[in-house]
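The values are calculated or read from the model by the stated rules, or taken from the named source; none is laboratory data. Keep in mind that this is a model prediction, so the values were computed, not measured. Reconstructed Cβ throughout: ideal geometry from the backbone, glycine too, with neighbour counts over all protein chains shown.
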């Protein structure tokens, strides 16, 4: 349960900070327009994640090893460039070339263990703290 919530928080953070660039993008004043904008944002997020999955499969690495921010910038630039300068028949070739180019954005593997174990630091307070009989 805790891991699922963490994944949801990471997704929300990526959408809010990276995809929307910390700007309010819901411009519509009507409920139907707001729904449409939310669906468009979620669709774009999922399309970028799908491309990252395909790139990871081609590179034989975990999708978590691809930087979302770097992939987002590169994919959006390629899509914008392809939509304005290419005929529709060349888009599959452009996507394949994009997938091969983005492999350079694969992150190094995470370390398996921490260098220093986690510890809880005592908070410093200016006020006296009563000690329980168990603590004394």
Lone unmet requirement of (1) assigned to a helix (DSSP H, G or I); (2) surrounded by 12 or more Cβ atoms within 10 Å (Cβ to Cβ) for residue 77: (2)
Selection within region 19-36 - part of a helix (DSSP H, G or I) and either at pLDDT below 70 or surrounded by fewer than 11 Cβ atoms within 10 Å (Cβ to Cβ) (or both): 31, 32
Hits in region 80-107 - residues which are touching a residue at least 12 places away in the same chain (Cβ under 8 Å) and in a loop (DSSP other than H, G, I, E, B): 107
Among residues of region 78-96, those that are within 21 Å of residue 64 (Cα to Cα) and at pLDDT 75 or above, counted: 1
Residue under evaluation residue 116, criteria (1) part of a loop (DSSP other than H, G, I, E, B); (2) at pLDDT 80 or above, criterion not met: (2)
